[in-house]
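These notes are about the structure you will find just below.
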Amino acid sequence: MSAAVEIIAYRPEHQAAFRDLNHEWITTYFTLEELDRRMLDDPQGYILDAGGYIFMAQHAGQTVGTCALIREPDGNFELAKMAVSPKAQGLGIGYRLGQAAIEQAWAAGAHHVELLSNRKLTPALTLYRKLGFVEAPLVPSEYQRANIKMVLARPGAE
């Protein structure tokens, strides 16, 4: 890796990069859904003001990745809106973003982190398994594309 990857907290000036990075991967594989639009157009209101977190990855002077933690009513989190620019894939950025999000969830007192994905996103599912996520029963979701749920339990939590 020629330049270090830095994981930083989201700031308002990251909104366009947050939207663009997610828009790019979603529209490559799926159709942008209403829930996507709400989150991507207003991450401050939809994610941060509701007690969530957003992380941004920077590499070689550019914002090349992002990942969000959405607070659930029970105090746990959903890992969501993880995206890495195609030009920066293969550098371990997704793993670093996932680690930062998981560490934040544990620090915030969560007992588990869950995510929704799609089985055709093999590289993403491989990454989630590497981070420790395991498949769990899928419950109905607002997302049409979600066909797999994965959960990571906090070590020592039941």
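Points to keep in mind about this one:
- Placing unit charges on each Cβ (+1 for Lys and Arg, -1 for Asp and Glu) gives the stretch 78-158 a dipole about its Cα centre, and among Pro86, Leu152, Tyr128 the Cα reaching farthest toward its positive end belongs to Pro86.
- Carbon and sulfur %, accessible surface of the chain computed with the full protein complex present, 1.4 Å: 51 percent
- Among Tyr53, Tyr10, the order of accessible area from largest down is Tyr53, Tyr10, computed with a 1.4 Å probe on protein heavy atoms.
- The residues of the stretch 4-47 have, on average, 54 Å² of accessible surface per residue, using a 1.4 Å probe with all protein chains present.
- By a 1.4 Å probe calculation restricted to protein chains, Arg37 has an accessible surface near 100 Å², given to the nearest 10.
- Cβ-Cβ FRET estimate between Gln62 and Val139, R0 fixed at 30 Å, reported to 0.05: 0.20
- With contributions of -39500 (n - 2.57) from each DSSP H run of at least four residues, the per-residue ellipticity at 222 nm computed over the chain stands at -9000 deg cm²/dmol.
- Across all Cα atoms of the chain, the radius of gyration (one decimal) and Dmax (whole number) stand at 14.6, 43 Å.
- 13 Å reach of a label modelled at Ala16, 7 Å along Cα-to-Cβ, counting backbone N of the stretch 52-66: 63
- Test item: Cα-centred dipole of the chain, Lys/Arg +1 and Asp/Glu -1 on Cβ, debye: 540 debye
- Distance from the Cα centroid of the stretch 86-158 to that of the stretch 7-82 is 14 Å (rounded to whole angstrom).
- Net charge of Cβ neighbours under 13 Å - reference Pro123; Lys, Arg +1; Asp, Glu -1: +4
- Dipole orientation for the chain: of the candidates Ala108, Gly51, Leu97, Leu97 has the Cα lying most toward the positive pole (charges on Cβ; Lys, Arg +1; Asp, Glu -1).
- With protein chains left intact and a 1.4 Å probe, residues in the stretch 84-158 average 55 Å² of accessible area per residue.
The values are calculated or read from the model by the stated rules, or taken from the named source; none is laboratory data. Note that the structure is predicted; figures quoted are calculated from it, not measured. In this analysis, Cβ positions are derived from the backbone assuming ideal geometry, glycine residues included, and neighbour counts consider all displayed protein chains. Please note that ligands, DNA and RNA were not included when accessible areas were found on the heavy atoms of the full protein model with its side chains. Shrake-Rupley method; radii C 1.70, N 1.55, O 1.52, S 1.80 Å.
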